[in-house]
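Chemist: Let me begin by handing over the structure; questions about it come next.
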Amino acid sequence: SMFFQMQKYSRLAQLVIRAYVGITKEEEKGPLLRVSPEDFRSNLNEMVRLAEENDIAVVLLTAPTSHEKGREPDYLKLRHLDDLSTLTSLHQQYVEIVREVAGHEQVTLCDLARVFENIDPERLRTEFFFEDGIHLRPKGDAIIATVLYQCLEQSGLLNRVLR
């Protein structure tokens, strides 16, 4: 029934939200990761499983950034990191987890991080990302759009959607 279908998609949406928000009861104790690498991996695996059970094509993306070791934005210290010097290696750890899950689960990977890693760091900071190192300027958005299009086209998913 329509209600049952909506309920299934609602469960998937809740899982996605939980993966990004990372609910924890220990937040009062000080800065914590939103989602530990272990939970991030298991959440991704579970999302892939749920999607495939519901005949939903899975595309995993790695997250690009302009953060550099030694130039981490101070505002992040107020959030989920005790030690800002761990930011770039921690981000890389999450990127690697996405790559590993995509390979293990044999789903499409659009490796956005890899594309941005090949751009000069100074240009990344000033032309492609805003100061937070996370949100993209229009030039960064244009790269993402191009790379996603190519990725979906090469994987055959674009034809599947356009049918």
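Chemist: Going through Leu148, Leu124 one at a time, which residue ends up being among the aliphatic types (A, V, I, L, M) and more than 30 Å from Asp55 (Cβ to Cβ)?
Modeler: Leu124
Chemist: Is one or more of the residues making up the stretch 139-148 among the basic types (Lys, Arg) and at pLDDT 95 or above?
Modeler: Within the stretch 139-148, one or more residues are among the basic types (Lys, Arg) and at pLDDT 95 or above.
So that you can scan it fast, the table gives a plain yes or no per residue for (1) in contact with a strand residue (DSSP E or B) (Cβ under 8 Å, 6 or more places away or on another chain); (2) at pLDDT below 90:
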position: Val21; (1), (2): no, yes
position: Pro31; (1), (2): no, yes
position: Leu60; (1), (2): yes, no
position: Glu105; (1), (2): no, no
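Chemist: Across the stretch 32-55, which residue is least open to solvent (accessible area, probe 1.4 Å) among those that are in a loop (DSSP other than H, G, I, E, B) and touching a Leu at 6+ places or on another chain (Cβ under 8 Å)?
Modeler: That would be Asn54.
Chemist: In this structure, does Glu131 turn out to be touching a residue at least 40 places away in the same chain (Cβ under 8 Å) and either open to solvent by less than 80 Å² (accessible area, probe 1.4 Å) or not hydroxyl-bearing (Ser, Thr, Tyr) (or both)?
Modeler: yes
Chemist: Going by what's in this entry, would Ile119 be described as outside any helix (DSSP H, G or I) and without any contact (Cβ under 8 Å) to a residue 60 or more places away in the chain?
Modeler: Spelling it out, Ile119 is indeed outside any helix (DSSP H, G or I) and without any contact (Cβ under 8 Å) to a residue 60 or more places away in the chain.
Chemist: Among (1) open to solvent by 70 Å² or more (accessible area, probe 1.4 Å); (2) over 16 Å from Leu61 (Cβ atoms), there is one condition Arg125 misses while meeting the rest; what is its number?
Modeler: (1)
The values are calculated or read from the model by the stated rules, or taken from the named source; none is laboratory data. Given the structure is predicted, the values throughout are model-derived calculations rather than measurements. Because the Cβ atoms are built from the backbone with ideal geometry, glycine has one as well, and the counts that use them run over all protein chains shown. Calculation scope for accessible area: heavy atoms of the full protein, side chains included, ligands and nucleic acids excluded. Shrake-Rupley method; radii C 1.70, N 1.55, O 1.52, S 1.80 Å.
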